[in-house]
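This report concerns only the one structure given below.
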Amino acid sequence: TVTARFSNIGSKPALKPENIEQVIRESISYMQLRISKKVAMTVSSTLPPETISMLNKPLFEWVIENLCKNAVDAMDGKGEIFVTLKDVPEALYIDIRDTGKGIAKTKFKTVFEPGFTTKQRGWGLGLSLCKRIIENYHEGKIFVQDSEVNKGTTFRIELPRG
């Protein structure tokens, strides 16, 4: 998986039709096995059951995992992550909300810049890679939808209809 992800960065990765809800549920299941048992993860969806999106599955899963891992870090290993899939006329929305520390409104755009980090360790590349994967490869958008300090953060991914 790691090899597939890195080999896709820097070249135009192939997109294939994928069941978006299934891909997200698999990513969340994978994460649940690797994070604190004190973090509850919930997925809810208003998508029709067979909703297809054009994805590079390894890279898209990387985005979901990175957002969830950041959420776990922001909650110091205990709290809740809610993943919500919404079907709207213009796009597919994936909201990832946590009950963590939150992000100040002045940082909403800066969190996606390479080198930005709030952690003691790390290079601050995760969210900048997420942005590149979603916007450059999947022709979507990713942004901080909402955040309140000490209450939590919601990241939104908007994908074109597949």
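The values are calculated or read from the model by the stated rules, or taken from the named source; none is laboratory data. All of these numbers come straight from a predicted model, not from anything done at the bench. Note: areas computed on protein heavy atoms with side chains; ligands, DNA, RNA excluded. Shrake-Rupley method; radii C 1.70, N 1.55, O 1.52, S 1.80 Å.
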Does the stretch 29-94 come out rounded, prolate or oblate, given a ≥ b ≥ c as the square roots of the eigenvalues of its C-alpha gyration tensor, rounded meaning a/c under 1.5 and, failing that, prolate meaning a/b above b/c? prolate
With every protein chain kept in place and a 1.4 Å probe, the stretch 37-162 has an accessible area per residue in Å² of 53
Which whole-number percentage describes the relative contact order of the chain, with Cα contacts under 8 Å and a sequence gap of 6 or more? 23
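How large, in percent, is the carbon and sulfur part of the accessible surface of the stretch 123-162 at a probe radius of 1.4 Å? Mind showing how you got there, number by number?
Numbers: 980 of 2070 Å².
The computed percentage sits at 47.
I need to check one value: relative contact order of the stretch 12-89, counting alpha carbon pairs closer than 8 Å and at least 6 residues apart, in percent.
Numbers: 96 pairs, mean separation 36.1, N = 78.
This gives 46 percent for the stretch 12-89.
Given the rule -39500 (n - 2.57) for each run of at least 4 DSSP H residues, summed and divided by the residues of the chain, what is its mean residue ellipticity at 222 nm, to the nearest 500 deg cm²/dmol? If you can, show how the numbers build up before the last one.
Numbers: 4 runs with 44 residues, N = 162.
Only helices count here, giving -8000 deg cm²/dmol.
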How are the C-alpha pair distances of the stretch 82-157 spread across 5 Å bins, as whole percents from the shortest bin up? 3, 15, 22, 26, 20, 10, 3, 1, 0
For the chain, evaluate the Debye formula with one uniform point scatterer on each Cα (no solvent term) and list log10 I(q)/I(0) at q = 0.12, 0.14, 0.20 Å⁻¹, rounded to two decimals. -0.49, -0.68, -1.47
Counting DSSP beta bridges with both partners in the chain, what percentage is antiparallel, nearest 5? 80
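Below 8 Å between Cα atoms, with a sequence gap of 6+, how large is the relative contact order for the stretch 70-162 in percent?
On the way: 174 pairs, mean separation 29.0, N = 93.
It rounds to 31 percent for the stretch 70-162.
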